[in-house]
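Student: One structure follows; several queries about it will come next.
Read-outs throughout are calculated quantities, based only on the coordinates presented, and are distinct from any laboratory measurement. Everything numeric here is computed off the predicted structure, so don't read it as measured data. FYI the Cβ positions are ideal-geometry reconstructions off the backbone, even for glycines, and counts take in every protein chain you see.
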Amino acid sequence: MKRYSDIAGDGGSNIVVQVTERMGRLKSRMDKITHKIAVMSGKGGVGKSAVTATLSAVLAMRGYRVGIIDADINGPSIAKMLGVRGRAITTSEDGILPAIGHHGIKVMSMDNLLPLDETALTWDGPSSTHAWAGTAEIGAVREFLSDVSWGELDILFIDLPPGPNRFNDIINLIPDLAGVIMVTIPSEVSELVVMKSVSMVKELNTPIIGLIENMGSYICMSCGAEEPLFPDGSVKDMAAYMNIPYLGKIPFDPSISRALDKGQAFLTEDKDSSSAKAFMKIGERVIEFLDGGRR
Ligand SMILES: Nc1ncnc2c1ncn2[C@@H]1O[C@H](COP(=O)(O)OP(=O)(O)O)[C@@H](O)[C@H]1O
Ligand SMILES: [Mg+2]
C-alpha cells in the first residue's frame, strides 16, 4: 500500500505533520472552552449577529467568560457590534490575541484583519473559483479556532454566515458543539429556509438549543409601545412542528440597531425595555440548556 508521503514526496509528509499539528492545537484550544454554540439561520439579515452580540453581553453580565468567532468571513459585523472595529490584532507567544469588546467579550473577526475601508475580501487561488473561496473561508475559521489564544472560556459563540452549508464544516472542526441557536423572523420566506437548516443540523445529530423569533413585534420610537408586526404564532407553530424549543420573541427595537451601530450593548442603558427583558429571558433559557448537562 502506498503512503501519502510516497506519492507526495517529502513535501507530503511535511503537510501531514502540519495538518496533524494544527488539528492537535485546535483540539487543545477547544478543550479549554466549556460550551461551543453556533448561531445560524440559513437566511441573511434576520439578526444572527445582533442576537450573538446581545446574548453574549447578557451572559457576560451574568459572569460567564464569553468569546465570539465571526464566521461570516465575507460580511463580518461582530467587530463593529462589539466596538472593536479597527482595533489592531496583536500576537503573543501563545498565538493571536483576540480583541476585547464590551463586557470583556473576546472577539475574532475578519474585520480586524482587513483595511478599514469598503474593500471586499477576495482570495487569490486556483482561478479564484467559488469552491476555492469556500475552502479559503473555512480555512480562516479553522485558524480562528486553532491559532487564537482564547484561554479558558465558559462559552464560545460561532456567528455563522447565511446558508446552511457552512454548518457541515463547523461540525467537522468542533465535533462537541453544545448546540445550535436558530434565528428567524416571522415571515414564511425566512421560515422556509430556516426549516432546511433545522433539518440539516438534526441530520448531523447536533442538539438545537432553540429557535429565536427576531423582529416579532415593533417598539414605537415615540411612545415605546410594543405593536405586533406579523400575525402572531407562526414561529411558535414552526418550532412545535420541527420539534425544537421556542426560546422567545425579540421585538424590532431601533435602540438595538442604534446601540450595535455604536458598538455598545443596548442592555447597558435600556435594562427595563421589553426587548432587553426578552434577551434576558432567552439568556436564562440558554443557561438552563447548558446547565442541563446535555453536553
Ligand atoms: N430586533 C432588532 N431590532 C432592531 N434592529 C435589529 C434587530 N435585529 C437585528 N437588527 C439590525 O438589523 C440588521 C441586520 O441584522 P444582523 O444581525 O446583521 O443580521 P444577520 O447576521 O442575520 O445577517 C443589523 O443592523 C442589526 O443591528
Ligand atoms: Mg451576520
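Student: Tell me which residues come under 5 Å, amide H to amide H, from Asn214 once H is placed; ignore anything under 5 positions away on its chain.
Tutor: The answer is Thr184, Ile185, Ile250.
Student: Which angle between 0 and 90 degrees, to the nearest 10, do you get for helix 4-31 versus the longest principal axis of the chain when only C-alpha atoms count?
Tutor: Roughly 30 degrees between the two axes.
Student: Starting from the Cα of Glu143, step 7 Å along the direction of its Cβ; do the same at Lys32; then give the gap between the two resulting points in nm.
Tutor: Rounded to a tenth, the inter-label distance reads 2.0 nm.
Student: Further, regarding this structure: Can you give me the orientation-averaged projected area of the convex hull built on the Cα atoms of segment 31-98, in nm²?
Tutor: 5.8
Student: Hey, what number do you get for the chain at 222 nm if only DSSP H runs of n ≥ 4 count, each worth -39500 (n - 2.57), divided across all residues, to the nearest 500? Could you put the intermediate results ahead of the total?
Tutor: Working: 9 runs with 122 residues, N = 295.
Result for the chain, helices only: -13000 deg cm²/dmol.
Student: Right, something else. Under the rule that an exposed site lies in a DSSP loop and has at most 13 other Cβ atoms within 10 Å, name the longest stretch of the chain with no GluC sites (Glu not before Pro) of that kind, not counting the sites themselves.
Tutor: On the way: sites that count: Glu93, Glu118, Glu152, Glu269.
Between the exposed loop sites, the longest stretch runs 153-268.
Student: Looking at the chain, send over the antiparallel percent of its DSSP beta bridges, to the nearest 5.
Tutor: On the way: 8 of 37 bridges.
Percentage antiparallel, nearest 5: 20.
Student: Next up: As a quick test, which of the pairs Lys43/Lys249; Lys202/Lys262; Lys80/Lys202 have an alpha carbon distance above 28 angstrom in this structure? Show your work: numbers first, answer last.
Tutor: Values: Lys43/Lys249 17 Å; Lys202/Lys262 36 Å; Lys80/Lys202 32 Å.
Pairs exceeding 28 Å: Lys202/Lys262; Lys80/Lys202.
Student: Would you mind computing, in nm to one decimal, how far apart the modelled labels at Arg62 and Lys196 are, each placed 7 Å from Cα along Cα→Cβ?
Tutor: Those two pseudo-labels are separated by 3.3 nm.
Student: How many percent of the alpha carbon pairs in the chain exceed a separation of 27 Å?
Tutor: Working: 18037 of 43365 pairs.
Here the long-distance tail beyond 27 Å is 42 percent of all Cα pairs in the chain.
Student: Would you mind checking the tilt of helix 274-291 against the longest principal axis of the Cα atoms of the chain, expressed as 0 to 90 degrees and rounded to 10?
Tutor: 50
Student: Helix 48-61 versus the longest principal axis of the chain: what is the Cα-based angle in degrees, 0 to 90, to the nearest 10?
Tutor: Once rounded, one gets 80 degrees.
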